[in-house]
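Novice: What follows is a single structure, and I will ask about it in a moment.
The values are calculated or read from the model by the stated rules, or taken from the named source; none is laboratory data. Computed from a predicted structure; not experimentally measured. As a convention, Cβ positions derive from the backbone with ideal geometry for all residues, glycine included, and neighbour counts pool all protein chains shown.
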Amino acid sequence: MKACRKCGRELPLSGFYNDRRRPDGHKGTCKDCWKKDKLQYDYVHRAERNASNKRSHGTREWRIKHNERRRQQRERHPEYAGVQIRVYRAIRDGVIVKPDTCAICGAGGALLAHHHDYDRPLDVDFLCPLCHSAIHYAASEFAERVVVAMRP
């Protein structure tokens, strides 16, 4: 049991959101108070948030531009068409076994399928995002600095 610092109600720990930074692992305000504060904050700061959203994902103009960029990408690189979905289906059907660690550095977490040759869509290496970026931008000095700086 824990008391909410905002409303003072005594609630079980399931009535509080998790927060690893706190000594008991839960926020000091209950879920209800947290939601009320969030709604109020969002309402007050709505204009600032909308002004800072440069991409405006929900707008019709953004969608038109986005679709045009995708069409141009497909025209420039027809060999990419359908390769991602084929890899996904192969993993789903058990044709390819996705490892738990990066093929280069051994890091875990989210892995990306890297194709050396798009004519062989199921011949992939699974890499962490940093190694995947490094391969694609290997000639770039900037990429080497980023990879070195971000490695733990």
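Novice: Would a scan of region 85-104 turn up a residue that is farther than 27 Å from L130 by Cα, assigned by TED's automatic domain parsing to the domain that holds H132, over 24 Å from the mean Cα position of the chain (by Cα) and exposed (fewer than 11 other Cβ atoms within 10 Å of the Cβ)?
Specialist: Step one: list which residues in region 85-104 are farther than 27 Å from L130 by Cα, which gives 93.
Narrowing the set further to residues that are assigned by TED's automatic domain parsing to the domain that holds H132 leaves 93.
Now narrow it down to the ones that are over 24 Å from the mean Cα position of the chain (by Cα): 93.
In the following step, the residues that additionally are exposed (fewer than 11 other Cβ atoms within 10 Å of the Cβ) were identified as 93.
Looking through region 85-104, at least one residue is farther than 27 Å from L130 by Cα, assigned by TED's automatic domain parsing to the domain that holds H132, over 24 Å from the mean Cα position of the chain (by Cα) and exposed (fewer than 11 other Cβ atoms within 10 Å of the Cβ).
Novice: Looking at region 68-95 only, could you name the residues that are in contact (Cβ under 8 Å) with a residue 24 or more places away in the chain and among the β-branched types (V, I, T)?
Specialist: V83, V87, V95
Novice: What single numbered condition from (1) at pLDDT below 85; (2) surrounded by 10 or more Cβ atoms within 10 Å (Cβ to Cβ) fails to hold for L127?
Specialist: Tallying (1) at pLDDT below 85; (2) surrounded by 10 or more Cβ atoms within 10 Å (Cβ to Cβ), L127 fails exactly one: (1).
Novice: Quick one: count up the residues across region 1-40 that are in a loop (DSSP other than H, G, I, E, B), without any contact (Cβ under 8 Å) to a residue 12 or more places away in the chain and surrounded by fewer than 10 Cβ atoms within 10 Å (Cβ to Cβ).
Specialist: Of the residues in that region, 5 qualify.
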